[in-house]
Structures are given as C-alpha cells and as structure tokens.
Amino acid sequence: MSATDDERDTGVHVLPITVEYGGREITITPTLVETDRGPILIDVGPQGAREGIRTHLRSLGYDLADVWLVLVTHHDGDHAGGLAALLERVDAVVATHRAEAPYVSGESEPIAGDGDRYPPVDVDIELADGVRFSTLAGPMEVVATPGHAPGHVSLYLPDANLLVAGDALVADGDDALAGPKPRFTPAMERAIESVGTLADLEIEHTVCYHGGYVDRGTERIREIARQSRE
C-alpha cells in the first residue's frame, strides 16, 4: 500500500520494480499478499525481475522460497516473462485463468508477443471467476476482467476494500486512475465491460500493475466506465 502501517495492517504489499522490457525502462508493480501458508505473489514481471522481487521480499522478512503460490493476472511478457527464472528458486504453484493457461504453458503464442516468447511454464491451477483464496487481509476473490487479455483477472479483497487490478486499470498517466490503454488492449469493448464489473464492487484502494497504489476506488471506476461508454 502507500504507507507502511497500512501494509502491516492489511498484509498486502506493493513491490515496485524498474526493469528493462521491450527496449525501454518501465516500472512495474507485482503485489505480495500474506497468508497463513506464506506469501502469494501476484505477477512476476519480465525476465530479469527476480532479484528485485527478492530484495522486496527480504525487506518484508521473507525469502523467495517462502512464496507458495504465484498468481498471474494474464500472460503478457511483462507480467509472466520471469516465471521460469523465478521457479528455478521457488517451489511454488502457478495459477492463472483457464483462458490464459495455454499462453503461459507454451501451447499458444502470446497475443502481444513479438515472436521471441518467454520460456513457458506449467500451469498448476486454472482459475475461474469467483474463486477465493484465504489471506491475512480476508478472502481474496478472482474477478474475471477480460479485454486486455482473454482471461485477464483482477483480485478483490472485500474486507480491505482493495482491488489489485492488473492491467484492467492503469495509474501511470495524467489521471490518478484510468481505464485500460487502447494501444495495448486487443478487445477494448470487452475491457470496458470489465471496468463496469469492477465498478459494482466496493473499492476504496486500487493497485495497478502500471502505476502502483492509488487511493481511489469505486467512484472513480464508475466515472471511467461512464466516460468510456459516451
């Protein structure tokens, strides 16, 4: 979250990392969610992000080996490209939506790929909308938010009024919180429908993979959905 005390209270931690990707430097925000079994890592970044994640984990009192579940919001290389390298150091379960699994496992080529795909990995759990995980912040629910990718998911923690949006929303532009970027969203109309789905949730805080933590929620998401339909 934005403040250390908030992170300790919720057990949800943003892990901003600056990496090289696609010939440029980008800042990404994987998220760590604490559970009784150890941490869940949401997205891993591209190849080369592992050491940045390790540094964050150590600052929180964990090591890479403590991660028991890696949850991938979708298969894009900047979210899933570092999976193989991470799994060299982590004996973790890999979970992603059933529509994303063929891309992560190598059965299908990434939609946004440039022909030089990342090393594939096996998917252990194929997620569906409504699946819940128990965390120290209360239940964490999988919310299907397709559009940016066919099986894109966001994660909703109702007890904390917190949304981990993946790329369903962004926070790295002029607005504190904005909708998905058309340039990187193959099915924009479907993505806007997904924003409408998120607008029905009670959200006070949002974590975007691109832009990090934002102290905005339902009111702004409803505004984004309304403006996008005009």
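Here is how the numbers come out for the structure above:
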| item | result |
| --- | --- |
| Qualifying residue in segment 116-129 (condition: of a type outside the set (S, T, N, Q) and more than 30 Å from residue 37 (Cα to Cα)) | yes |
| Selection from segment 166-177 of residues that are more than 16 Å from residue 100 (Cβ to Cβ) and within 16 Å of the chain's Cα centre (by Cα) | 169, 170, 171, 172, 177 |
| Looking only at segment 179-191, and only at residues there that are in contact (Cβ under 8 Å) with a residue 40 or more places away in the chain and surrounded by fewer than 20 Cβ atoms within 10 Å (Cβ to Cβ), the one that is farthest from residue 110 (Cα to Cα) | 189 |
| Filter result (of a type in the set (Gly, Ala, Ser) and either surrounded by 19 or more Cβ atoms within 10 Å (Cβ to Cβ) or modelled with pLDDT of 95 or more (or both)) within segment 12-50 | 38, 45, 49 |
| Segment 81-114, residues that are among the hydroxyl-bearing types (Ser, Thr, Tyr) and open to solvent by 30 Å² or more (accessible area, probe 1.4 Å) | 103, 105, 108 |
| The listed residue being open to solvent by 20 Å² or more (accessible area, probe 1.4 Å), within 19 Å of residue 133 (Cβ to Cβ), in contact (Cβ under 8 Å) with a residue 60 or more places away in the chain and not basic (Lys, Arg), out of 152, 205 | 205 |
| Selection count where residues are outside any helix (DSSP H, G or I), open to solvent by 40 Å² or more (accessible area, probe 1.4 Å) and either among the hydroxyl-bearing types (Ser, Thr, Tyr) or more than 12 Å from residue 177 (Cα to Cα) (or both), scope segment 208-230 | 2 |
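The values are calculated or read from the model by the stated rules, or taken from the named source; none is laboratory data. Note that this is a predicted model, so its numbers are computed, not measured. Neighbour counts are summed over all protein chains in view; Cβ atoms, including those assigned to glycine, are modelled from backbone coordinates with ideal geometry. Accessible surface areas use protein heavy atoms only, side chains included; no ligands, DNA or RNA. Shrake-Rupley method; radii C 1.70, N 1.55, O 1.52, S 1.80 Å.
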